[in-house]
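Trainee: Quick one: structure below, then a few questions.
The values are calculated or read from the model by the stated rules, or taken from the named source; none is laboratory data. Keep in mind it's a predicted model, so treat the numbers as computed, not measured. Heads up, the Cβs are rebuilt from the backbone with ideal geometry, glycines too, and the neighbour counts pull from every protein chain shown. These area figures cover heavy atoms from the full protein model, side chains too; ligands, DNA and RNA do not enter into them. Shrake-Rupley method; radii C 1.70, N 1.55, O 1.52, S 1.80 Å.
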Amino acid sequence: MMTRNKYLKELRSFLGKLPKEDRKRILEFYNELIDDKLEAGQSEEEILGEFGSPEELAKQIFQDNGQTYLSLIHISEPRDR
């Protein structure tokens with residue numbers, strides 16, 4: 001099971017080509033959204049399942065902002081391996 005921190009870390013890596021402030025704003029939004037859903041009684045697992053994979057969410061964020069996902073994606077290998 002993926003934790004919130006791991007999910008947001010992976011999402012950040014998929015958003016790597018966005019300006020730093022945009023990445024920060026997006027990650028803060030999803031962190032707050034997770035908090036709200038937890039307070040409403042959902043489990044972390046349910047919430048992250050609704051979002052889809054970090055890569056899927058990143059694609060949706062790029063589409064919502066009218067940007068081409070393939071031109072902006074930056075996949076970095078996890079450093080903890």
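Trainee: Ordered by residue, what ³J(HN,Hα) values in Hz, to whole numbers, does segment 45-59 give under the Karplus form 6.51 cos²θ - 1.76 cosθ + 1.60, where θ = phi - 60° and Gly and Pro are x?
Mentor: Result, rounded to whole Hz: 4, 5, 4, 5, x, 5, 6, x, 5, x, 5, 4, 5, 4, 4.
Trainee: In nm, give the distance between the simple-model label positions of Arg4 and Lys20, each being 7 Å from the Cα along the Cα-to-Cβ direction.
Mentor: 2.5
Trainee: What nm value, rounded to one decimal, do you get for the distance between Glu55 and Gln42 when each label is placed 7 Å out toward the C-beta?
Mentor: 2.3
Trainee: I've got another one for you. Given a 1.4 Å probe, how much area per residue of segment 1-67 is accessible, in Å²?
Mentor: Numbers: 4280 Å² over 67 residues.
Result: 64 Å² of accessible area for each residue.
Trainee: Further, regarding this structure: Skipping prolines and chain starts, which residues have an amide H placed within reach, meaning under 5 Å, of the one on Met2, given they are 5 or more residues away or on another chain?
Mentor: none
Trainee: Let me ask something else about it. Check Gly16: other-chain or 5+ apart residues with amide H under 5 Å from its amide H, H built from backbone geometry?
Mentor: His74
Trainee: Can I ask one more? How do Tyr7, Tyr30 stack up against each other in accessible area, from largest to smallest, with a 1.4 angstrom probe?
Mentor: Tyr30, Tyr7
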